[in-house]
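Trainee: Before anything else, here's the structure in question.
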């Protein structure tokens, strides 16, 4: 084996040749230039994001209620009513921290998606921590959202551990450029979060078909818990998903944004949240660099293109090749 493979400079040159986008270039060239700071609250505040999406006619998980002061932290049973499953999340959280998914309840007992059983006091304490700002981006007091728990599409039944997979689409100047599906695992405690151990699988933009996955920095062909092949799953309503993602710029005003969606078995695609600073592991999941796709958009950008036209552009111009 050539020693050049262990030369950091050679590795950097290889990544650059593959079109891999680095963190500094992402921030300076794309986020700073296309994401005005005044628009950040539209995605950093999940309550506001949901409100803007609803006003734009986009489907989102139903909001059962919010808790924004310590005196109301025990109101979860009242807010959820007869619903047996629900999600509690911080309005200003990031990286999946603070999100609790309740899959079932009985009296004062709540079964979480990873199998844990919480009593009412434990749930109240968690809501209190959210309101106190433990999970917020700034550390300031926050709001707890209690909302509908998505029932995932049967398509993902064999490639997900307990939790709900989600689909991330990165859009640039209103054009979808890359996508992946994040698959919960036992290690991620049923959460679709790559930093907590979920598997990311690239998606062929042309047809909405999954590619092999990535776990950490390793390429994987099977889900680590179910041993089922990850590649070859055709995402339903792919055109609608891409068109919805293309509308993110109109809703948020942000030119570089990650749009997270889920497929509900009854309600279809739902907008979960949006992110002004989407991570770069999506390149590993697709085994392709982002930079050439972003440069393609810059070169062929059409200001008058509709969301459907921008989605069609993505399908035609960004098929999977696996160049990394």
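The values are calculated or read from the model by the stated rules, or taken from the named source; none is laboratory data. Everything quoted here is computed from the prediction, not taken from an experiment. Glycine also receives a Cβ, built like all others from the backbone with ideal geometry; neighbour counts cover every protein chain displayed.
Trainee: Could you identify the single residue in 74, 57, 19 that is modelled with pLDDT of 90 or more and at positive phi?
Mentor: 57
Trainee: Conditions: (1) surrounded by fewer than 15 Cβ atoms within 10 Å (Cβ to Cβ); (2) in contact (Cβ under 8 Å) with a residue 24 or more places away in the chain. Residue 49 meets all but one. Number of the miss?
Mentor: In the conditions (1) surrounded by fewer than 15 Cβ atoms within 10 Å (Cβ to Cβ); (2) in contact (Cβ under 8 Å) with a residue 24 or more places away in the chain, residue 49 misses (1) alone.
Trainee: Tell me, which strands (runs of 3 or more DSSP E) lie completely within segment 206-298 with 1 or more residues that are within 18 Å of the chain's Cα centre (by Cα), buried (at least 21 other Cβ atoms within 10 Å of the Cβ) and not assigned by TED's automatic domain parsing to the domain that holds residue 101?
Mentor: Those strands (runs of 3 or more DSSP E) span 209-215, 256-264, 268-275.
Trainee: Determine which member of the set 38, 11 is loosely packed, with under 14 Cβ neighbours inside 10 Å, at pLDDT below 90 and outside any loop (DSSP other than H, G, I, E, B).
Mentor: Going through 38, 11 in turn, just one is loosely packed, with under 14 Cβ neighbours inside 10 Å, at pLDDT below 90 and outside any loop (DSSP other than H, G, I, E, B): 11.
Trainee: Mind checking which residues of segment 138-158 are over 17 Å from the mean Cα position of the chain (by Cα) and either closer than 21 Å to residue 320 by Cβ or surrounded by fewer than 18 Cβ atoms within 10 Å (Cβ to Cβ) (or both)?
Mentor: If the condition is that a residue be over 17 Å from the mean Cα position of the chain (by Cα) and either closer than 21 Å to residue 320 by Cβ or surrounded by fewer than 18 Cβ atoms within 10 Å (Cβ to Cβ) (or both), then 138, 139, 140, 141, 154, 155, 157, 158 are the ones that fit.
Trainee: Quick one: would you say residue 236 is over 25 Å from residue 30 (Cα atoms), touching a helix residue (DSSP H, G or I) at 6+ places or on another chain (Cβ under 8 Å) and in contact (Cβ under 8 Å) with a residue 24 or more places away in the chain?
Mentor: When the stated conditions are applied, residue 236 passes them.
Trainee: I would also like to ask the following. When residues of segment 183-200 are filtered for being in a strand (DSSP E or B) and touching a helix residue (DSSP H, G or I) at 6+ places or on another chain (Cβ under 6 Å), how many remain?
Mentor: 2
Trainee: Across segment 84-95, what is the number of residues that are within 18 Å of residue 118 (Cβ to Cβ) and either in contact with a helix residue (DSSP H, G or I) (Cβ under 9 Å, 6 or more places away or on another chain) or modelled with pLDDT under 85 (or both)?
Mentor: Total meeting the criteria: 4.
Trainee: Any residue that is surrounded by fewer than 19 Cβ atoms within 10 Å (Cβ to Cβ) and without any contact (Cβ under 8 Å) to a residue 24 or more places away in the chain - is there at least one of those in segment 165-184?
Mentor: No, segment 165-184 contains no residue that is surrounded by fewer than 19 Cβ atoms within 10 Å (Cβ to Cβ) and without any contact (Cβ under 8 Å) to a residue 24 or more places away in the chain.
Trainee: Still on this structure: Tell me which residues, restricted to segment 65-78, are buried (at least 19 other Cβ atoms within 10 Å of the Cβ) and not in a loop (DSSP other than H, G, I, E, B).
Mentor: Matches in segment 65-78: 67, 76.
Trainee: With the condition kept exactly as written, say whether any residue in segment 146-158 is free of Cβ contacts under 8 Å to residues at least 60 places away in the same chain, farther than 30 Å from residue 313 by Cα and not in a strand (DSSP E or B).
Mentor: yes
Trainee: Of everything in segment 79-112, what is part of a loop (DSSP other than H, G, I, E, B), crowded, with 20+ Cβ neighbours inside 10 Å and touching a strand residue (DSSP E or B) at 6+ places or on another chain (Cβ under 7 Å)? Give them in sequence order.
Mentor: 91, 98
Trainee: While we're on this one: Looking at (1) farther than 30 Å from residue 34 by Cα; (2) assigned to a strand (DSSP E or B), which is the only condition residue 180 fails?
Mentor: (1)
Trainee: Anything in segment 113-132 that is outside any helix (DSSP H, G or I) and either loosely packed, with under 15 Cβ neighbours inside 10 Å or in contact (Cβ under 8 Å) with a residue 24 or more places away in the chain (or both)? List them, or say none.
Mentor: Passing the criteria: 113, 114, 115, 116, 117, 119.
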